[in-house]
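Take a look at the structure set out below.
The values are calculated or read from the model by the stated rules, or taken from the named source; none is laboratory data. Source: prediction; values computed, not measured. As a convention, Cβ positions derive from the backbone with ideal geometry for all residues, glycine included, and neighbour counts pool all protein chains shown.
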Amino acid sequence: MPPSTFLRRALLYVPASSKKMLNKSSAFAVDSVVYDLERSVTAALRPLARHMVANHIASAAMRSLGRGPQEVLLRINAVETDLALKDLNHVIPIAKNNLDTIVVPKVQSAADLRYIADIVRHLAPDRAHYQEDTPLDASEQTGTASRPRPLHLIGLIGSALGLANIQEICRTGRTLGLVGIGFAAGDFMSSLGLRKLANWRERREVLLARPSIVNACRAYDIPSAIDMASFNIHEHADGLSLEEESREGRSLGFTGKQAINPSQVGVIQRAFSPSENEMKWVV
C-alpha cells in the first residue's frame, strides 16, 4: 500500500455556512478538516456557503504553517445532483492552491469519480491527476518542485449500489487520485429502508458493509479506510463509548473515523494512534 501524505485519523466536518465555525476551524488540532457544502447546508444558504468557504480556504489563516488542521478537504454535493458542478466551479478557482482533497458523497460507481476528476482537470489542470492507467506514485502523493501535488479524492459509500460497486470504485478510483473511502452509515441505512441502528453495540445493519469497505481499500492500495461517524458525542446509552467504537473500527482495519463535533477529535485520534507497546514492537 502506498504511503498517505496525511494520517486521516479523524476527519472533522465543519458546516461551510457557519462563519463562526469556519473561523474556529483554522485552530483545530485535527488531522483532516472537512468543509461541508452538503448535509449541513440548507438550499437557501448554499450560494453564500460556497463564497464563504472558498475565501476561508484561501485565507491567510489557512495558508499559515501554524494552522491546526493538517489536511483541508471540501465535501461537495452528490454527482447525481446538479450541485456538485456548481460547488466546484465556485470553490476551486478561488481555493485550489490551498485545498488538498475533495470528498464526494453518495458514490454509486466509478463514473462518479471520473466526473469529478474531469472537472478538476478543466478547472485546475495543474492540480489534476493525469496518469489514468496507474495509481498515484510517491511523487504525486507529495508533489514535486515542477508540479504541485494533485487534488486527491475521497469517496463516501452511502447506498446499496455503491457497496455493490465498491471493488470497481476502488480499482478505477486509484487511477483518478482516490486516496480514501469513507462509510456514510446514515445514507447507507436509508438506502436499505432502515431508519436508524436498532442496537449501537451490535450494529447488525452495517456488519457486512464496514469490512467490505476495508477489504476493497486494502485490495486496491487505497491508503485511507474511514469508518462511520458517531452521532453520540460521548457515549451511547445502550452501547459503546466513542473510544470503544473507535477502537473497534481500528480492529476491523479502518485507518480513521469521521467526526461531527470537535470534542470527538482527541478521542478518535488517540484510538487510531499506535500504543506504546505497538511502537516498541515496530522498533
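What the table shows:
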| item | result |
| --- | --- |
| Residue in the stretch 174-188 that is among the β-branched types (Val, Ile, Thr), at pLDDT 80 or above and in a helix (DSSP H, G or I) present | no |
| Residue within the stretch 83-100 that is at pLDDT 95 or above and within 21 Å of Asp227 (Cβ to Cβ) present | yes |
| Members of the stretch 66-83 found to be surrounded by fewer than 23 Cβ atoms within 10 Å (Cβ to Cβ), in contact with a strand residue (DSSP E or B) (Cβ under 9 Å, 6 or more places away or on another chain) and within 23 Å of Pro47 (Cα to Cα), listed by number | Val72, Ala78, Val79 |
| Residue list for the stretch 43-65, filter: within 21 Å of the chain's Cα centre (by Cα), at pLDDT below 95 and surrounded by fewer than 16 Cβ atoms within 10 Å (Cβ to Cβ) | Arg63 |
| Number of the condition not met by Leu7 [criteria: (1) within 15 Å of Val104 (Cα to Cα); (2) touching a residue at least 40 places away in the same chain (Cβ under 8 Å)] | (1) |
| Single unsatisfied condition, Ala110 versus (1) modelled with pLDDT of 95 or more; (2) more than 18 Å from the chain's Cα centre (by Cα) | (2) |
| Test: residue in the stretch 190-210 that is under 15 Å from the mean Cα position of the chain (by Cα), crowded, with 17+ Cβ neighbours inside 10 Å, touching a residue at least 24 places away in the same chain (Cβ under 8 Å) and in a loop (DSSP other than H, G, I, E, B) | no |
| Counted residues, the stretch 161-189 - those being of a type in the set (Asp, Glu) and more than 16 Å from the chain's Cα centre (by Cα) | 1 |
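Per-residue answers, yes or no, for (1) of a type in the set (A, V, I, L, M, F, W, C); (2) modelled with pLDDT of 70 or more; (3) closer than 18 Å to Val33 by Cβ:
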| residue | (1), (2), (3) |
| --- | --- |
| Asn199 | no, no, no |
| Ile226 | yes, yes, yes |
| Ser230 | no, yes, yes |
| Gly249 | no, yes, no |
| Gly256 | no, yes, yes |
